[in-house]
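Engineer: This is the structure, below, for whatever I ask next.
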Amino acid sequence: MARSKIVAAALVILATSVARAQPLVYCPPLPGGTGCSTSLCSQTGEPCMPRCVRMDNHGNFTVIACECRGTSECHVEFQPFSTPYCVGNCPPAQYCVQNVVMTELGAFDVCCDCLPIQCECPGDVDGNRVLNGLDIAGFVRCYLGFPDYYDNGGCADLSGDGYVTSVDVPMFVTLLLTKAGCPDTPCCPRTNLALNLATGVDDNNILIPDNSDDDNWVVTVDANGGSVPRPATAVFPHPNWVTFPGTKWISANYFGQNGAYVYQYCFCLDDRFRNPLLSLQIRADDEGEIYLNGNLLGSCAGNSDPNPPVLSTSNPGFFQSGQNCITVVVRNTGGAPTGINMTGTVTAADGKCCCPAAPLSKGIASAVYDYSGGLLIPVGQNDDTWRVTVDATGGTVPRPAKVMNPNPLWLTQPGTRWVSAVPTVGASTPGFYTYDYCFCLDPRFKNPVLDMWLRVDDGASIWLNGAQIGVTSPGNAFNTPEPYHIFVTDPRLFRACENCIEIRVFDAGHSTGINVTGSISAVDGLCCDDRTISCCAPSGGCSTLLPGEQQCLGGGAGHDGPCEPAQGCCTGNSCVSLSPRCCRFIGGTVLPTGTPCSPIRACCIPGPGGPCSTCVNIAPECCTAQGGTPGGPGSSCIP
């Protein structure tokens, strides 16, 4: 059988792992790709409908795959002068997803499939990670068999049988009545919020020195015309002022003129917050009002009032997910001085935000160090993000893919290198190889985009979180004029916390590998644990970047998270203590945790000349790591 036919047959196996209510039944396209067979499918009695259509750079269409499907089921529609698109319905626990793959010479394939919906919170049909009355309408639509595009039918299938039936109704009602919550997301576990609103104290509840900034309270309007926004200032109280215990007065300008002054304290509430409560007492010089997100809470007491009223609210309508702001509007009418003094708290169950929302934008190129500004990983070393998870040669998995010199027939995308499970040209075993790249999305993510360009040897299907998002041509995906382009924006294919791209390769033998470039981006998608970046220097040293810094300098390579605790690292004939990632960065071998570097002694390394064919002076731990036998304490090789 020809090489391309072998790979094509293998890719059919890779591409047919798509879940449907019925088994996949394929039927042939018409000669020339003008449509699908007009006869009914004998096994299902359904018409033969287009599954994949190719549109070339001249606007011509070719049907490249058909399947037995109902006329109202998910399939490709194509018309002159318009881009192919997906239409039709799917069973309630599935949805119609469109996958677009750029092929050579500007053509692209559009494929439509019913894929299972991932449900991370049973009963949460509207997908907002909160179980409440807003989920009822979507559940009813799924139960009746007419779900809307945005209904998460997988979360309506509470029995897990693949259908939404009367069995699921009492289970759904129980979830609502018991106010069941969604499971924690591991990248942002639920935490209760408890904030001290006191003026003139820092985050450790320590009083701020006079004439120093209170960074929690911000001046947004200053009657004196001072620059805003800026921190309010902790001040020594006027003799007529009364001060709450454990607080200090703050001011926009202690000697400020008459007029309006506005102070603001902002805090974050997690999307999962429950039972919010704001309670406070406030004095002002001279008078004013206090608001929460624009909602009036009440008036400020006078500066010498011995017992100001407690202002509080637990009205959920006054609070909101994300940023909330307490605003104090003060009117100074009696001349200097002016200021405010507050005591109070804000609490909410599951209300503490893990970190402020921040955008995600990250490259996924093969053989390029993260956060390095494009620094290529040397041939023979491990890729720092792409892993091998299936190896036809039987090697240990998972393990890092290795950077390799390309086969002379391969084309390489600029700024990248090829990586492989078998990094030697001509040494691969025919079979399946799978590579993955995993990344984190903050639970608040919006507008996710995976933009990937790739070449592979020989052919591959591409998956995101278990859903197929593309497939290459068989046999020659390593040297097509243009690399294959995968572009995914459907938010239902992404999930909170860990996401994994998989490239499932079939190789007919000789050489295999992948060559990737592209990026992942999402609004508010940067996970809290990925905010800290550490850099490995060419010497092997590790340093943690300051907040906001994103690039390692001086030829260093970046990694998510701070520097790891040092472990023994064998580099050549030396043993030193390094961060494990930095040890691997300089080509060293990481010793097991708790294994120290011992004094150097003789090491016999076996070879053609016998059990001690070569003798080197090396730390015994590194000797063992190289397959050698260490000598006794104090031993050394005889010249």
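The values are calculated or read from the model by the stated rules, or taken from the named source; none is laboratory data. Since the model is a prediction, treat every value here as computed from it, not as a measurement. Because the Cβ atoms are built from the backbone with ideal geometry, glycine has one as well, and the counts that use them run over all protein chains shown. Accessible surface areas use protein heavy atoms only, side chains included; no ligands, DNA or RNA. Shrake-Rupley method; radii C 1.70, N 1.55, O 1.52, S 1.80 Å.
Engineer: Take the alpha carbon atoms of region 122-200, find their radius of gyration, then divide it by 2.2 N^0.38 Å using N residues; give the quotient.
Structural biologist: 1.39
Engineer: Right, next: In whole angstrom, how far apart do the alpha carbon centroids of region 268-342 and region 123-147 sit?
Structural biologist: Comparing the Cα centres of region 268-342 and region 123-147, I get a distance of 37 Å.
Engineer: By per-residue mean of other Cβ atoms within 10 Å, what is the highest-first order of 198-209, 378-389?
Structural biologist: 378-389, 198-209
Engineer: Could you check the simple spin-label distance between F236 and S543, using points 7 Å along Cα→Cβ, in nm with one decimal?
Structural biologist: 4.3 nm
Engineer: Go through the cysteines of the chain and tell me which have no other cysteine Cβ under 4.7 Å away.
Structural biologist: Those would be C142, C300, since no other cysteine Cβ in the chain comes under 4.7 Å of theirs.
Engineer: Whole Å is fine, so just give me how far the alpha carbon centre of region 216-238 lies from that of region 526-597.
Structural biologist: Cα centres, region 216-238 to region 526-597: 44 Å.
Engineer: Normalising by the residue count of region 484-587, find the relative contact order in percent from Cα pairs under 8 Å and 6+ residues apart.
Structural biologist: Over region 484-587, the number comes to 21 percent.
Engineer: Here is a follow-up. With each pseudo-label sitting 7 Å past Cα toward Cβ, what's the D148-V397 distance in nm, one decimal?
Structural biologist: 4.2 nm
Engineer: Return a whole-number percent for the relative contact order of region 435-512, with Cα pairs under 8 Å and 6 or more residues apart as the contact set.
Structural biologist: Computed over region 435-512, the figure is 47 percent.
Engineer: Using a 7 Å offset from Cα along Cα-Cβ at V310, what residues in region 229-255 end up with backbone N under 17 Å from the label point?
Structural biologist: 244-245
Engineer: Multiply the residue separation of N573 and N295 by 0.36 nm, subtract the distance between their alpha-carbon atoms, and state the gained length in nm to one decimal.
Structural biologist: 93.1 nm is the gain from fully extending N573 to N295.
Engineer: Any chance you could run the full-extension gain for Q323 through H58? It's 0.36 nm times the residue separation minus the Cα-Cα distance, nm to one decimal.
Structural biologist: Gain on extension, Q323 to H58, equals 90.5 nm.
Engineer: Within region 408-444, whose backbone N sits under 11 Å from a point 7 Å along Cα→Cβ of V379?
Structural biologist: 408, 418, 424-425
Engineer: Could I ask something else about it? If you count, for each residue, the other Cβ atoms within 10 Å and average over each peptide, how do 448-454, 468-474 line up from highest to lowest?
Structural biologist: Ranking the peptides 448-454, 468-474 by packing returns 468-474, 448-454.
Engineer: Now a separate question. May I ask for the percentage of alpha-carbon pairs in region 574-639 that lie more than 15 Å from each other?
Structural biologist: Above the 15 Å cut-off, region 574-639 has 52 percent of its Cα pairs.
Engineer: Set the Förster radius R0 to 60 Å, insert the Cβ-Cβ distance between A194 and L30 as r into 1/(1 + (r/R0)^6), and round the FRET efficiency to 0.05.
Structural biologist: 0.35
Engineer: Give the average over all directions of the projected area of the C-alpha convex hull of the chain, one decimal, in nm².
Structural biologist: Mean shadow area of the hull around the Cα atoms is 40.2 nm².
Engineer: So if the hydrodynamic radius of region 499-626 is defined as the Kirkwood radius over C-alpha pairs, what does Stokes-Einstein give as its diffusion coefficient at 20 °C and 1.002 mPa s, in µm² per second?
Structural biologist: Reported coefficient: 120 µm²/s.
Engineer: Once the Cα atoms of helix 3-15 and of the chain are each reduced to a long axis, what angle between those two axes, in degrees from 0 to 90 to the nearest 10, is obtained?
Structural biologist: Once rounded, one gets 40 degrees.
Engineer: In whole percent, how big is the carbon plus sulfur part of the accessible area of the chain, probe 1.4 Å, protein atoms only?
Structural biologist: Heavy-atom surface of the chain belonging to carbon and sulfur, 1.4 Å probe: 57 percent.
Engineer: Taking a quarter of the surface of the convex hull around the Cα atoms of region 109-168, what do you get in nm²?
Structural biologist: About 4.5 nm², averaged over all directions.
Engineer: Express the relative contact order of the chain as a whole percentage, based on alpha carbon pairs under 8 Å and six or more residues apart in sequence.
Structural biologist: Value for the chain: 10 percent.
Engineer: If all Cα-Cα distances of region 351-438 are sorted into 10 Å bins from 0 onward, what percent lands in each bin, rounded to whole numbers?
Structural biologist: Reading upward from the zero bin: 16, 42, 25, 11, 5, 1.
Engineer: What is the Cα centroid distance between region 29-55 and region 432-511, reported in whole angstrom?
Structural biologist: Centre-to-centre (Cα) distance: 27 Å.
Engineer: Using a 1.4 angstrom probe, figure out how much accessible area region 67-218 has per residue, in square angstrom, rounded to the nearest whole.
Structural biologist: So region 67-218 comes to 49 Å² accessible per residue, rounded to a whole number.
Engineer: Next question, about the same structure. Take Q79 and N405, extend 7 Å from each Cα along the Cα→Cβ direction, and tell me the distance between the two endpoints in nm.
Structural biologist: Computed distance between label sites Q79 and N405 equals 5.6 nm.
Engineer: Still on this structure: At R0 = 45 Å, how high is the FRET efficiency between N132 and E482 if r is their beta carbon distance? Nearest 0.05 is fine.
Structural biologist: 0.40
Engineer: To continue, here is another question. A107 to T220: extension gain in nm, 0.36 nm per residue of separation minus the Cα-Cα distance?
Structural biologist: 35.2 nm
Engineer: Can you pull the Rg over Rh of region 249-308, Cα-only, Kirkwood?
Structural biologist: Looking at region 249-308, the ratio lands at 1.02.
Engineer: Hey, another quick one. Would you mind getting me the FRET efficiency between N205 and L177? Use the beta-carbon distance for r and R0 = 41 Å, nearest 0.05.
Structural biologist: Here the calculated transfer efficiency is 0.55.
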